[in-house]
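Undergrad: Let me begin by handing over the structure; questions about it come next.
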Amino acid sequence: MSKANFHHVHLNVTDLDTAIAYYQKYFGAKKVKYRGKTDALFTEKSFLLLDQVEESPKTHIGSSLWHIGWSGVDGHSEFDWRVKEGIEVHTPINPLGDSHWMYFFGPNKEVVEVFTGNKNHTFEHIHLLASNVDETMDWFKLHLGLTPVNESAQPWGNGLFKWNMLHVDNINIMVNGRPVEERSWFPEKFKPTDGTAFDHIGFSFENIEPIFEQMKSAEVKIVQGIRIDPVHGLKSFFVRGPDYLLIEIVEEKPIPEGIWL
């Protein structure tokens, strides 16, 4: 099958202007008018799409979507200037080899990481948790045409947990399995991402009808059939991915061939 492109992360926010200002100020995302219909954020080759909700969205903690992440360059500078500018800290700066990582809270308590391993300032990764890493990788390979970096899950941290990764355009999708010892960041039981601050993630194909039929034949759970989204103007459908991850499949051409705006 053809390979999916990464398209978007979809957030539920209580105030569009506040969310847009946050990602502009702290992470350099660019405000755009998506398809001429709604305000969104452009992140080099993909988007943060936003739905405004009346009540604070449920926390995504406890779902399989752990956090999203940007790259950084100098760890201490990355941390210090954000703190000075008023960002809320989830986890202070920590070393990882010659690099550093740190977590911040977004305006709707979504968790955003900065990791300095790749030495740039781009939107870099999505971090998922999985009850079974190999089964999650198999799902993405079979249904989205994405090949894992490793043939099977690899041990990490003296065997604390297993992990694997997908490269999708300029985004890394990191997947961690259940640790051998109890850890607060790993849910006992996964909840759906729907309705949380990180509602879902989206991938794109140039023609989604055959993808829809393939998934339907493979008995992937279809959450919503093909339709045009009235808010964002997308032609898409929704499926239930591994560990209750909500995934949107969008009909679009990839950047730079696709315009999207």
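The values are calculated or read from the model by the stated rules, or taken from the named source; none is laboratory data. All figures in this text were calculated on a predicted structure; none of them were measured in a lab. Cβ: placed from backbone, ideal geometry, glycine included. Neighbour counts: every protein chain shown.
Residue-by-condition table, conditions (1) aromatic (Phe, Trp, Tyr); (2) more than 30 Å from Glu135 (Cβ to Cβ):
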residue	(1), (2)
Val13	no, yes
Ala21	no, yes
Gly28	no, yes
Lys33	no, yes
Leu41	no, yes
Phe47	yes, no
Leu50	no, yes
His60	no, no
Ser63	no, no
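Undergrad: Kindly list the number of the only condition in (1) modelled with pLDDT of 95 or more; (2) closer than 24 Å to Thr43 by Cβ; (3) acidic (Asp, Glu); (4) surrounded by fewer than 20 Cβ atoms within 10 Å (Cβ to Cβ) that fails for Glu248.
TA: Only one criterion in (1) modelled with pLDDT of 95 or more; (2) closer than 24 Å to Thr43 by Cβ; (3) acidic (Asp, Glu); (4) surrounded by fewer than 20 Cβ atoms within 10 Å (Cβ to Cβ) is unmet by Glu248, namely (4).
Undergrad: Still on this model: Based on what the data block shows, is Ala4 within 30 Å of Glu209 (Cβ to Cβ) and among the small types (Gly, Ala, Ser)?
TA: Working: within 30 Å of Glu209 (Cβ to Cβ): yes; among the small types (Gly, Ala, Ser): yes.
It is true that Ala4 is within 30 Å of Glu209 (Cβ to Cβ) and among the small types (Gly, Ala, Ser).
Undergrad: Which one is surrounded by the most Cβ atoms within 10 Å (Cβ to Cβ), of the residues in the range 179-220 that are over 18 Å from the mean Cα position of the chain (by Cα) and of a type in the set (A, V, I, L, M)?
TA: Here is the first cut: in the range 179-220, the residues over 18 Å from the mean Cα position of the chain (by Cα) are 179-184, 188-189, 206-220.
Still in the running and of a type in the set (A, V, I, L, M): 180, 208, 211, 215, 218, 220.
Details: Val180: 13, Ile208: 19, Ile211: 24, Met215: 20, Ala218: 10, Val220: 17.
Selected residue: Ile211.
Undergrad: Can Phe104 be described as modelled with pLDDT of 95 or more, of a type outside the set (Ser, Thr, Tyr), surrounded by 15 or more Cβ atoms within 10 Å (Cβ to Cβ) and under 25 Å from Leu245 (Cβ atoms)? If you could, list the steps in order and put the result at the bottom.
TA: Details: modelled with pLDDT of 95 or more: yes; of a type outside the set (Ser, Thr, Tyr): yes; surrounded by 15 or more Cβ atoms within 10 Å (Cβ to Cβ): yes; under 25 Å from Leu245 (Cβ atoms): yes.
Yes.
Undergrad: Residues being free of Cβ contacts under 8 Å to residues at least 60 places away in the same chain and in contact with a helix residue (DSSP H, G or I) (Cβ under 8 Å, 6 or more places away or on another chain): count how many of those fall in the range 49-72.
TA: Residues flagged as free of Cβ contacts under 8 Å to residues at least 60 places away in the same chain and in contact with a helix residue (DSSP H, G or I) (Cβ under 8 Å, 6 or more places away or on another chain) within the range 49-72 amount to 4.
Undergrad: For Gly86, which of the numbered conditions (1) surrounded by fewer than 15 Cβ atoms within 10 Å (Cβ to Cβ); (2) within 23 Å of Asp199 (Cβ to Cβ); (3) without any contact (Cβ under 8 Å) to a residue 24 or more places away in the chain fails to hold?
TA: Every listed condition holds for Gly86 apart from (2).
Undergrad: Got a number for residues in the range 158-209 being farther than 20 Å from Met1 by Cβ and either in a loop (DSSP other than H, G, I, E, B) or of a type in the set (Asp, Glu) (or both)?
TA: Going through the range 158-209 one residue at a time, the tally reaches 23.
Undergrad: Only one of these is free of Cβ contacts under 8 Å to residues at least 60 places away in the same chain and in contact with a strand residue (DSSP E or B) (Cβ under 7 Å, 6 or more places away or on another chain): Ser99, Ser184. Name it. Break it down stepwise before answering.
TA: Numbers: Ser184 fails: in contact with a strand residue (DSSP E or B) (Cβ under 7 Å, 6 or more places away or on another chain).
Of Ser99, Ser184, the one residue that is free of Cβ contacts under 8 Å to residues at least 60 places away in the same chain and in contact with a strand residue (DSSP E or B) (Cβ under 7 Å, 6 or more places away or on another chain) is Ser99.
Undergrad: Ok, one more. Taking only pairs six or more apart or across chains, which ones have beta-carbon atoms under 6 Å, a first residue in the range 125-143 that is farther than 14 Å from Ser64 by Cα and charged (D, E, K, R), and a second residue that is at pLDDT 95 or above and crowded, with 17+ Cβ neighbours inside 10 Å?
TA: Asp134/Ala153
Undergrad: Out of (1) out of contact with any Pro (no Cβ under 8 Å at 6 or more places or on another chain); (2) crowded, with 17+ Cβ neighbours inside 10 Å; (3) closer than 16 Å to Met165 by Cα; (4) not β-branched (Val, Ile, Thr), what's the single condition that is false for Lys58?
TA: Of (1) out of contact with any Pro (no Cβ under 8 Å at 6 or more places or on another chain); (2) crowded, with 17+ Cβ neighbours inside 10 Å; (3) closer than 16 Å to Met165 by Cα; (4) not β-branched (Val, Ile, Thr), only one is false for Lys58: (3).
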